[in-house]
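Asker: Take this structure first; my questions come after.
Derivation of every value follows stated rules applied to the coordinates shown; laboratory data play no part. Just so you know, these numbers come straight off a predicted model, no measurement behind them.
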Amino acid sequence: MVRKTVTAEIKKLGINGEGIAYLDKKITFVQGALPREVVEIEIVRDEPTYKIGELVKVVSRSKDRVRPKCYQQGKCLGCPLMIMDYQAQLTSKHQLVKDTLNKYIGKENVRVPIEPVKASSQRLAVRNIVRLPIIKFDDRVVFGIYQRESKYLSLMSRCPMQSKRINSCLTELELLFSELHLHAYDELKRKGLRFLTVREFDAGLQLIFVTGEDRIPDRALEAMSRIEGVISIYVCVNTSKKQDFEAGKYEKKFGKATIEQYFMQKTFTISPKDDFPVYRQHAVRVAKEIADMIPEDTLSILEVNSGIGLYSLGLDERYVIKGIDERKGDIVDAMNNVRLMGRMNVNYESGKMDILFPTLCKARHFDLVMVHVREAKYDPHFISNLRLSTTRHILLFGDHLSTMAKMAGELKENYRLAKIVNLDGAPNGSTLTTIMRLDLA
């Protein structure tokens, strides 16, 4: 295809933070462009229903455009809204919520006020967990992510969205890789360092490496254990091309097997494979909003995708709570946390959701079903079972706004939207956390 350069006016932002224009009656996505800007773009893809334009020049600049606080902005796609004033980010996300609800539920069915998106108290250094590839670049072994479209390599040891402790640790690890002549993963030899997860807790940092068959030399592990703040190191040997690292065996090489973390005035025990919030401070805000949204007539709660019980164990002890999840390891730790806290009103169970959920709903009635929408995929079978449960209240929460709106739309014949709250947990990013309650009509 012969590429051509055209001028376009950006009308709004898309769900991934890209600017949206309309050319030849087709929606056109332009990364790095803001609403009300006139831009010069090069059409790099022209499909039957949409176009993708590459920004060449901003002809008329938006008053909301600001200087980004990252030297890789424009090449790294991790923070598409860092070029936008923060209040304008919130306004744009607020409009996105209204547009999405109107699309999937119908404007006539949205009869509650859609309040402005609640701002994050931090704009930078908000990530407490990172999962990064380990690669060879310029004769060095570094942490980096190749951007899918441009193939640009984003170096991650200085990312302003990661906590300072995490960035400092990544920098020291890269120096160690060089000093100890460690290698990035070689698919043919099935040896080398593949990935690293760093999780930041109040007590310190946990490092979880995925490696080839050669693992990590003892001298390297010893040096890593001396990095300031490191309290735990795990290694998982996995040479699968599927990168399904959760299935691998985690070997403890240093420090604590589990980490204790204070959350919502409770102390939780966290294992290496447990699902834990990337933005910990934001998760506390979400938990408080969930607690405030539960109706007064609620006595029994069924939590779907309960994880280790972060959100349900923080609720008042007057509720009888049943939590379910397909992740067996999370449920084991959830029950361990129940015992440590002495919570007689809470119980957790693992199993296949399409079997466990309808079985529990047939066995007893729950006043409220609380669903953590963790994935973007939409499950019509689950919606059907949710409708058949005839629970009085449904509380959906998560970062997948479109999926949640689709679910609410499918349930609108039986349930009405009663309340919705939106929180910004990813400043400079395109996502937000939505909590919505549906009441039986």
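Asker: Consider all pairwise Cα distances in the stretch 5-65 and report the whole-number % of them above 18 Å.
Answerer: In whole percent, the share of Cα-Cα pairs in the stretch 5-65 beyond 18 Å is 21.
Asker: For the stretch 125-133, in order, what is each residue's ³J(HN,Hα) by Karplus, 6.51 cos²θ - 1.76 cosθ + 1.60 with θ = phi - 60°, in whole Hz (x at glycine and Pro)?
Answerer: 6, 9, 7, 9, 9, 10, 10, 10, x
Asker: Something else about it: Around Arg127, which amide H atoms from residues at least 5 apart in sequence, or from another chain, sit under 5 Å from its own amide H, with H modelled in the peptide plane?
Answerer: Amide H to amide H, under 5 Å and 5 or more residues apart or across chains, Arg127 pairs with Gln162, Ser163.
Asker: Oh, and also: When only Cα pairs under 8 Å and 6 or more residues apart are kept, what is the percent relative contact order across the stretch 129-263?
Answerer: It comes to 19 percent, rounded to a whole number.
Asker: On to the next question. Using the Kirkwood radius built from alpha carbon pairs, what does the Stokes-Einstein equation give as D for the chain at 20 °C and 1.002 mPa s, in µm² per second?
Answerer: 90
Asker: Here is a follow-up. In terms of modelled amide H atoms, which long-range or inter-chain residues lie less than 5 Å from the amide H of Gly323?
Answerer: Those lying under 5 Å, H to H, from Gly323 are Glu303, Asn347, Tyr348, Glu349.
Asker: Taking the alpha-carbon set of the stretch 129-263, what are its Rg and Dmax in Å?
Answerer: 14.4, 44
Asker: Provide the per-residue ³J(HN,Hα) series for the stretch 188-198, in order, calculated from phi with Karplus coefficients 6.51, -1.76, 1.60 and θ = phi - 60°, each as a whole number of Hz, with x at glycine and proline positions.
Answerer: Karplus-based 3J(HN,Hα) across the stretch 188-198 equals 6, 7, 6, 9, x, 8, 9, 9, 9, 10, 10 Hz.
Asker: I would also like to ask the following. For Lys419, give me every one of the aspartates and glutamates with a C-alpha distance below 16 angstrom, ignoring sequence neighbours fewer than eight places off in its own chain.
Answerer: Those aspartates and glutamates meeting the cut-off are Glu108, Glu115, Glu289, Asp292, Glu296, Asp297, Asp439.
Asker: Non-local amide H neighbours of Lys253 (under 5 Å, H modeled in plane, Pro and chain starts lacking H): which ones?
Answerer: Ile233, Tyr234, Val235
Asker: Note the per residue figure in Å³ for the convex hull of the C-alpha positions in the stretch 262-305.
Answerer: 110
Asker: Please report the antiparallel percentage of DSSP beta bridges with both residues in the chain, rounded to the nearest 5.
Answerer: 65
Asker: Also, quick follow-up: To the nearest 500 deg cm²/dmol, what mean residue ellipticity at 222 nm is calculated for the chain from DSSP H runs of n ≥ 4 alone, each contributing -39,500 (n - 2.57), summed and divided by the residues?
Answerer: -7000 deg cm²/dmol
Asker: Related question: Aspartates and glutamates near Lys362 by alpha-carbon distance under 17 Å, same-chain residues fewer than 8 away left out - which ones?
Answerer: Qualifying aspartates and glutamates at Cα under 17 Å: Glu303, Glu349, Asp354.
Asker: May I pose another question? Residue by residue through the stretch 210-219, which ³J(HN,Hα) values in whole Hz follow from phi under the Karplus form 6.51 cos²θ - 1.76 cosθ + 1.60 (θ = phi - 60°), with glycine and proline marked x?
Answerer: Each residue of the stretch 210-219 in turn: 10, 10, x, 5, 7, 6, 10, x, 4, 5 Hz.
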